[in-house]
Amino acid sequence: MAQNLASVRNRARLKRYVALPAAMDGPVAEGSGLEALCLRAFARTPTTPQGPHCGRGPVAHSAAQWADRTSSAALALLGFGACDALRSVGGRPPEHAALGPGLGFSSLAQPAQTRRMSQIIAIVGRPNVGKSALFNRLAGRRIAIVHDQPGVTRDRVSAEVEWRGRPFTLVDTGGIGLRPGEKAPDILAEATRQQVELAVASAAAIFFVVDVREGLVPLDQEVAEWLRSSGKPVLVVANKADTPEWDGQIVEFAELGFERIFPVSAEHGRGLEPLMRAALALLPKLEPGSSTGESPAVQPLKLAVVGRPNVGKSSLINALIGSARVIVSPIPGTTRDAVDVPFEIEVEGRKEAYVLIDTAGLRKHRHRADSIEFFSITRAEASIRRADLVLFVLDAEAGIVEQDKKIGGLIVEAGKPCVLLVNKWDLFQETVQKEWAKRHSSAGARRASEPPPDPLQIFGAWVREKLFFLDYAPVLFTSAVTGFQLERVLEAVRYVAAQMRQTVPTALLNRTLHEAVERRQPVSKQGHRLKFFYATQISQTPPTFLLFVNRDEGFSEPYKKYLVGELRKAFGFEGCPIVLVPRPRPQTIAPVRTDKDQRHDQTRSDRRRKTMR
């Protein structure tokens, strides 16, 4: 576990940044604007460290010593202190895109597919010919969105596929609706065309999908001419040949100039076997002992990037991997499919594999336009459930709105670790600095010497106040445009992942919970006292603890929150939800009383009262 944490040599520098911001006076109303929040705090600069994670109580004395030994310098990133600590380690200015050597990184993030580009099959064609349906059929699951409307797919959607024991990478692309040299009517069409070009350039074989029912159209000929100039082997897939009667219609596609044409029905799975035999013969032979995927012993960490539309999710992914992997535009709802982006980084001489999952922006139900957006949001919610860790992206300009709280509720409901990323910080920081300079110039000589407040601390406290149910998640301030603190995102991910994977010693766990229960008993309507017998950790993702008690009636939500807080003080688990499962001790002799017995007892009581009268 220690190898996944920050280097010990950064420990002294990190621990200076553990302090949380001081509590602000009065709550902030929803939608009141972040400028007002920061301006209200200009009157004083928070200097006193406060908060639930600043100090350790007596219950966690021995547990804190254990956590210091196991977590090393990474424990300095507790709570909101992560943003300042990550910003300060390594000695690199924010504009550097490379990961600093002080953090143990030795190279930029590189896409994992660069080592296996020769094993890629790309699916290409004009819009609405069934490319996504063929992709889902070969992948064996519903990954890409299939819809009658043309132009649904925009990004490159990839999947690791195995056919008759032969692994390869399958890539779905958007429909080509432009002729070579033709200007796009909008930026989305141009960006989709660029994604197709990248897929073709990296592929070893190409499936050129046409519609056998519509026959040969001029756009098919334009696409064929462009594919022929690429020099890649092309297999023409005449889709929608649901019955053998359609097989004779493939003759007209011989005009495209390609040797092999295969009648296929992606919807019914017809004709796939001869197509795949021909395609796999075009792929380079695998070296003995190698495969297209990662080593089965080391599974990549899946990171779902979620948030409202147009908060910069796709921009962050492109900035992290250093390439235009997904389409970015100012139009809300650009991303539709859940796009997996695998990449690797080298940390202290070893490689770490990650998969960034770009998702569609989650809007309110009443704002969802059509069924395509419904399928996009469904895949985004499924991405949260299948991810190991969630990167929740917020907009610094818009602040925390109602939809952000609903998305946070989905993360809590799924029980996933989380890191809060406040994007577009460069735009908001300029506003704060201008307003501070204006107030500073108009202030008297008495306030002229006061240092400006740190907007990161003020904003971080406000984010925690609004997203109080995610108060365990570290907060990082980023900018995908300027690269501000982007090199710290993966460091925070590694830290939270290490917290998620830790196993608490049973002796320390029981000592901590026993003292917490003795210090504060739950409220019981019957006046029963809770007795704690034993506890053990039964899961790591999320951290789940099984508690054996005499009765579970007193385990209300407030009392569970109290016990979770005591566990966090003792063992950290920053960024991770903690699940407590109380199990009452079974009664040795269960009382069995029937209605007849109760009526008999009532009759005897009535007779006794009459005799006493």
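The values are calculated or read from the model by the stated rules, or taken from the named source; none is laboratory data. Because the structure is a prediction, the values reported are computed rather than measured. Ideal geometry is used to build each Cβ from the backbone, glycine not excepted, and the neighbour counts take in all protein chains shown. Calculation scope for accessible area: heavy atoms of the full protein, side chains included, ligands and nucleic acids excluded. Shrake-Rupley method; radii C 1.70, N 1.55, O 1.52, S 1.80 Å.
Between ILE331 and ARG141, the modelled labels are 3.0 nm apart [label points 7 Å from Cα along Cα→Cβ]. Taking the 1.4 Å solvent-accessible surface of the stretch 455-599 as the whole, the part contributed by carbon and sulfur is 55%.
Taking 0.36 nm per residue of separation and subtracting the current Cα-Cα distance, fully stretching the chain between ARG350 and THR603 would add 83.1 nm. Each peptide in 120-128, 521-529 was scored by the mean count of other Cβ atoms within 10 Å over its residues; highest first, the order is 120-128, 521-529. In terms of distances greater than 31 angstrom between alpha carbons, the cross-link table entries LYS438/LYS466; LYS525/LYS569; LYS302/LYS569; LYS131/LYS406; LYS364/LYS416 yield LYS131/LYS406. At an R0 of 25 angstrom, the distance between the Cβ atoms of PHE468 and ARG501 translates into a FRET efficiency of 0.45. Distances between placed amide hydrogens fall under 5 Å for LEU356 paired with LEU303, VAL341, PHE343, all partners being 5 or more residues away or on another chain. Accessible area per residue for the stretch 119-252 is 41 Å², calculated with a 1.4 Å probe on protein heavy atoms, without ligands, DNA or RNA.
Checking a compactness column here: for the stretch 229-292, what do you get for Rg(Cα) / (2.2 N^0.38 Å), N being the number of residues?
Dividing the Cα radius of gyration by 2.2 N^0.38 Å gives 1.33.
Counting protein heavy atoms only, the stretch 199-319 has 52 percent of its accessible area on carbon and sulfur, 1.4 angstrom probe. Between HIS365 and ARG520, the distance separating the two model label sites (each 7 Å from Cα on the Cα→Cβ line) works out to 3.5 nm. Amide H contacts for ILE176 (H built 1.01 Å from N in the peptide plane; partners 5 or more residues away or on another chain; cut-off under 5 Å): GLY125, ARG126.
Suppose R0 equals 30 Å. What FRET efficiency, 1/(1 + (r/R0)^6) with r the Cβ-Cβ distance, do GLU197 and ARG260 give to the nearest 0.05? With R0 = 30 Å, the Cβ-Cβ based efficiency is 0.80. The gain in end-to-end length when the ASP247 to PHE548 segment is fully stretched comes to 101.7 nm, 0.36 nm per residue minus the alpha carbon separation.
According to the calculation over all Cα-Cα pairs in the stretch 297-438, the P(r) per 5 Å bin from zero is 2, 9, 18, 22, 19, 13, 8, 5, 3, 1, 0, 0 %.
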